[in-house]
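A short write-up of the structure that comes next.
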Amino acid sequence: MGRKVAIIGLDSATSYFVKKFAEEGILPNIKKLMDNGVWGEAVCSFPSLTGSNWHTIATGAWPKTHGCTDMWIHIEGEPLDRLRCAFSTKYCRAEYLWNVAEKFGKKPLLMKYAASLPSTIKSGIQVEGCATPWWGGGGANYFEIAPCQIYTTLDLSDTIKIKCEKARGWKNVPESGLDPLESEIFVKPMRGVCGIKYYLLIFSCDNDGYDTLLLCDGKDAKRVVLTLKQGVWSNWLKAEFSAMQGPPAYAVQRIGTGRQRRLIPCYEQGELSKVSGTFRFKLIELSKDGNIVKLYRSQIFPIRGFTKPDWLSEELVEAIGPFQEHIGPYALYQGWVDEETFLEELEYQASWLGRASKYVMRKYDWDIFFLQWHGCNHAQHVFWSHIDPISPWYRPNLEEKGWRAFRRFYSAADKMVGDIVDGAGEDTVIMIVSDHGHIPLVYGTVYIANILMKEGLLHVEKDSKGEFQIVWSKTKAVPVQNIHIFVNLKGREPHGIVEPGEEYERVRDHIIHTLLSLRDPATGKHPIALALRREDSALIGLGGDRTGDVVYAMTPGYHADTSTITEDTSLFGEKGGVMITDDFGVAKAPTSIHGQALGTAKLGLGTIMTPFIVCGPGIKKGYMMEKPVELVDIAPTAAYILQLPPPANSEGRIIHEIFQ
């Protein structure tokens, strides 16, 4: 039996691709673990979402027990449109395996494990761990100074617009084949004051057009901070800011159309403090005539404070390099960057996490290791339509490019795994698992808010600003987040109008009958796979006060949009109806989905099932499991290997068949 356990979480890693790429030889580290250990599949808890399942893996508890029943959750007694972040440990009601380990004198090591902040460890090591992945515009990470940004002459969504004019008043201007151009930018914190002003000088090294951009701290080319060419990353910069940090206290789920449909973060009043952060630039585009400039800046992330103990962050930045937490597709969806830049940021983070894990594992004591990397999830949302013929976006001419991208980000995950295995040593049992897989978005979107409005259950009106507001005095039910519908129950909700008892049951019957009666006229399919009362949802691991009065699951290939009201109040939308939301509005549609399909769902090349791989001392070699395990089984099995009791609220089993 191994003395240590390392749980490596590859968010959204999908069984089909892991097996395929391992057989192709592009995942040598994972293939070695499969050949020398046990591999099979695991069924995630429902909903098949990040926010619920990483809690399930770490606690061995179903969502009904740990209480993190979606990405954002409704807390009983608060307004139905006020949501709390399910990634926060403050809202998890179950004991974590790492806290069990500490009770028995063992040291945990958490490397960017999702849903592990605020930190609950006392004697171990923790590196970051927020992972609210879709807030690409910034605002949900505990430590972020500022989100990524683009400075451009173009009219792109949510950009900082710049204007390039003939350079005036500059000193030491380089020789240029064309008249140099100038502009200026401010790099500033998202919540803070002031910022850093940089002066841009654009010139031509020859007569073929503008090709070089200088970033200077004054109108003097000798005060150059960076020299940028198109398509090349700059070195990392370090700067000090006056900023407020910390996640939003809660978010408001707004129901509406267009930019009105979003989650709005609401922050507690924080204090300004001096914080040093790192960032870098990439000149995405510079047209030869100088009319188009797209200068991308990465997320600004602090140098100190994102680890426990606090001083370790500076040590890691010195030894490994600056840490970049955000790698999501927000900038790509907004048209700020190209696919290459998106993949480069994914690869940078995977490499950093692998090398940092090996560094810490070799230098400091630890007994149980947790890591979660979100790269596969982000990239599959983007590239799935390129490779799966069932996707309505599929184009044969894009397939080769799509497969190259898939092999590239899965390879980045494999290299990270290799570093972790190398750092862990031979006395460690390695587990690889995911929180859920992916399936393609094929059939379109079901507008839950429109359905409730047509049935007279949800009422909205425009206010003086033209924004939709829920009329609580006329509203009997509200869709909340991904799978929940809450009844506006009198005595429970602040604005409740539905009487407990018979009326409450009539409203629930009305909702369930309406959902199950839906039929898509375009396909003839029923888009709602099941709809259950809260108490009946215990069958799928839900229930309790953080579960909707009615919950539903979608037929594979459909997505439910809970916030959008369409102008024609239609029940069904086009294949691109689903959007990723963030602080600033909406972005483009992902082409693969998860969250609302059951854990056994399959479609096209995809499945919601996750890979499950175990290798190490005491583990069978070259063994393929006949039946899938469940994610609630991970924590009790890891505890058994460490000779610990399972977490107090664990509901899974020990996977005895993996042992020799």
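The values are calculated or read from the model by the stated rules, or taken from the named source; none is laboratory data. None of these values were measured; they are calculated from a predicted model. Cβ atoms come from the backbone with ideal geometry, glycine included; neighbour counts cover every protein chain shown.
Structure summary
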item	result
Within segment 434-471, considering residues that are of a type in the set (S, T, N, Q) and at pLDDT 95 or above, the one farthest from the chain's Cα centre (by Cα)	Asn450
Out of Gly192, Gly177, sole residue that is in the same structural domain as Tyr210 (by TED's automatic domain parsing) and in contact (Cβ under 8 Å) with a residue 40 or more places away in the chain	Gly192
Whichever residue in segment 250-274 is among the basic types (Lys, Arg) and assigned to a strand (DSSP E or B) and, among such residues, is modelled with the lowest pLDDT	Arg262
Hey, Glu626 assigned to a loop (DSSP other than H, G, I, E, B), modelled with pLDDT under 95 and assigned by TED's automatic domain parsing to the domain that holds Trp366 or not	yes
Flag for Ser434 being touching a strand residue (DSSP E or B) at 6+ places or on another chain (Cβ under 8 Å), in contact (Cβ under 8 Å) with a residue 40 or more places away in the chain, of a type in the set (S, T, N, Q) and over 28 Å from Cys615 (Cβ atoms)	no
Residue check, Phe486 aromatic (Phe, Trp, Tyr) and in contact with a helix residue (DSSP H, G or I) (Cβ under 9 Å, 6 or more places away or on another chain)	no
Enumeration of residues in segment 9-39 that are within 30 Å of Arg546 (Cβ to Cβ) and either in the same structural domain as Val551 (by TED's automatic domain parsing) or assigned to a helix (DSSP H, G or I) (or both)	Ser15
The listed residue being outside any loop (DSSP other than H, G, I, E, B), in contact with a strand residue (DSSP E or B) (Cβ under 9 Å, 6 or more places away or on another chain) and over 27 Å from His378 (Cα atoms), out of Ala101, Ala6, Ala42, Ala58	Ala101
Selection count, segment 415-432, where residues are surrounded by fewer than 24 Cβ atoms within 10 Å (Cβ to Cβ) and closer than 27 Å to Val382 by Cα	3
Top-ranked residue of segment 504-521 - restricted to ones that are part of a loop (DSSP other than H, G, I, E, B) and touching a strand residue (DSSP E or B) at 6+ places or on another chain (Cβ under 7 Å), ranked as nearest to Tyr91 (Cα to Cα)	Leu518
Residues that are within 22 Å of His386 (Cβ to Cβ) and either under 19 Å from the mean Cα position of the chain (by Cα) or charged (D, E, K, R) (or both), drawn from segment 595-605	Gly595, Ala597, Lys602
Positions within segment 84-113 being modelled with pLDDT under 95 and of a type in the set (A, V, I, L, M), in sequence order	Ala86
Pairs with Cβ under 7 Å, 6+ apart, first in segment 286-314 and closer than 15 Å to Gly124 by Cα and of a type in the set (A, V, I, L, M, F, W, C), second at pLDDT 95 or above and part of a loop (DSSP other than H, G, I, E, B)	Phe306/Glu128; Phe306/Phe323
Residue satisfying all of: in segment 607-626; of a type in the set (A, V, I, L, M) and within 12 Å of Ile641 (Cα to Cα); surrounded by the most Cβ atoms within 10 Å (Cβ to Cβ) among these	Val614
Filter result (surrounded by 24 or more Cβ atoms within 10 Å (Cβ to Cβ), in contact with a helix residue (DSSP H, G or I) (Cβ under 9 Å, 6 or more places away or on another chain) and assigned to a helix (DSSP H, G or I)) within segment 316-341	Ala331
Pick from segment 42-91, criterion farther than 17 Å from Tyr552 by Cβ and β-branched (Val, Ile, Thr), ranking: nearest to the chain's Cα centre (by Cα)	Thr50
Which numbered condition Trp352 misses (of (1) of a type in the set (A, V, I, L, M, F, W, C); (2) in a helix (DSSP H, G or I); (3) not assigned by TED's automatic domain parsing to the domain that holds Phe17)	(3)
Qualifying residues in segment 380-404 (those that are free of Cβ contacts under 8 Å to residues at least 40 places away in the same chain and in contact with a Pro (Cβ under 9 Å, 6 or more places away or on another chain)) - the one surrounded by the fewest Cβ atoms within 10 Å (Cβ to Cβ)	Pro396
Condition check for Asn450: crowded, with 23+ Cβ neighbours inside 10 Å and over 19 Å from Arg355 (Cα atoms)	no
Residue in segment 135-147 that is in a strand (DSSP E or B) and modelled with pLDDT of 95 or more present	no
Near pairs, Cβ below 6 angstrom, 6+ apart or cross-chain, from segment 78-98 (of a type in the set (Asp, Glu)) to any residue that is in a loop (DSSP other than H, G, I, E, B)	Glu95/Pro647; Glu95/Ala648; Glu95/Asn649
Wholly within segment 200-249, strands (runs of 3 or more DSSP E) carrying at least 1 residues that are modelled with pLDDT of 95 or more and small (Gly, Ala, Ser)	237-243
Matching residues in segment 387-420 - criterion: being out of contact with any Asp or Glu (no Cβ under 8 Å at 6 or more places or on another chain) and more than 23 Å from Glu345 (Cα to Cα)	Asp388, Pro389, Ile390, Ser391, Pro392, Trp393, Arg395, Pro396, Asn397
Residues of segment 468-502 satisfying the condition of being over 15 Å from Ile255 (Cβ atoms), of a type in the set (A, V, I, L, M) and in contact (Cβ under 8 Å) with a residue 60 or more places away in the chain	Ile483, Val487, Leu489
Members of segment 573-600 found to be modelled with pLDDT of 50 or more, buried (at least 21 other Cβ atoms within 10 Å of the Cβ) and not in a loop (DSSP other than H, G, I, E, B), listed by number	Ser592, Ile593
